[in-house]
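Just so it is clear, none of the values below were taken in a lab; they were calculated from the coordinates. Here the structure is a predicted model, which is why all the values come from computation and not from measurement. Heads up, the Cβs are rebuilt from the backbone with ideal geometry, glycines too, and the neighbour counts pull from every protein chain shown.
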Amino acid sequence: KWNLQSSLAVRYVGKFYTDNFKNEENTVDAHTVLHAMIGYNIKNVMGLNGLQLQLHIQNLLDEVYITHGEGEDFFPAAGRHAFVNLNFEL
């Protein structure tokens, strides 16, 4: 039996300060990022009770944004990237 699954996650982070003084120069702008997943679940295959294969794509739209900061130091987010997840049930 094949089962298809998918998800789309939306993450919104509002503007925030990177210091305790509310200095406008030390702010991270608001940003929205999309993450996607598609996967298959297969039951009773190759002697296994179950097999699950998933493809995850993070930052689907390849947004350029700052994830966080410390004072005047800012740290950019990773661009679009993907990983594969394989789970099996004995």
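Sparse packing (at most 11 other Cβ atoms within 10 Å of the Cβ) combined with a DSSP loop state is found for the following chymotrypsin sites (Phe, Trp or Tyr not before Pro) in the chain: Phe21. Largest GNM mean-square fluctuation across Leu48, Leu61, Leu34, computed for the chain with C-alpha springs under 10 Å, falls on Leu48.
Evaluate the charge dipole of the range 1-82 about its Cα centre and quote only its size in Debye, nearest 20, assuming +1 on the Cβ of each Lys and Arg and -1 on the Cβ of each Asp and Glu. Here the size comes out at about 880 debye. Among Val45, Val64, Val33, the largest mean-square fluctuation in a Gaussian network model of the chain (Cα springs under 10 Å) belongs to Val45.
Each listed q (0.14, 0.18, 0.20, 0.32 Å⁻¹) maps to a log10 I(q)/I(0) for the range 1-45 from the Debye sum over equal C-alpha point scatterers, namely -0.55, -0.66, -0.73, -1.04.
Provide the FRET efficiency to the nearest 0.05 for the Asn23-Lys43 pair, computing r from the beta carbons and using R0 = 41 Å.
For R0 = 41 Å, the calculated efficiency reads 0.15.
Exposed loop positions in the chain were taken to be trypsin sites (Lys or Arg not before Pro) whose DSSP state is not H, G, I, E or B and which have at most 10 other beta-carbon atoms within 10 angstrom. Between these positions, the longest stretch is 23-90. Here the average projected area of the convex hull drawn through the C-alpha atoms of the range 15-90 stands at 6.8 nm².
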